[in-house]
Amino acid sequence: MLIDHPILGPRDAAEFVYKGDAMLIHRPDWQAEDAVAQFTDYGYLRDNPAGLHR
């Protein structure tokens, strides 16, 4: 099924499916000594509960 997105045009419906909590509510302590490393892991090294993307 295609959804007509007002800005991006026709998009596959799979792009609009919610497949679980991404755990974004557990933010690292911004005042920690290694805050940069923690936020890098937080932003880029998460598990993907939706599975592989093609």
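So here's what we get for this one:
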read-out	value
Scope the range 28-48; condition loosely packed, with under 10 Cβ neighbours inside 10 Å and of a type in the set (D, E, K, R); matching residues	E33, D47
Total residues in the range 1-41, condition in contact with a Pro (Cβ under 9 Å, 6 or more places away or on another chain), at pLDDT below 85 and not aliphatic (A, V, I, L, M)	3
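The values are calculated or read from the model by the stated rules, or taken from the named source; none is laboratory data. Predicted model only: the values in this text are computed from it and were never measured. All Cβ positions, even for glycine, are placed from backbone atoms using ideal geometry, and neighbour counts span all protein chains on display.
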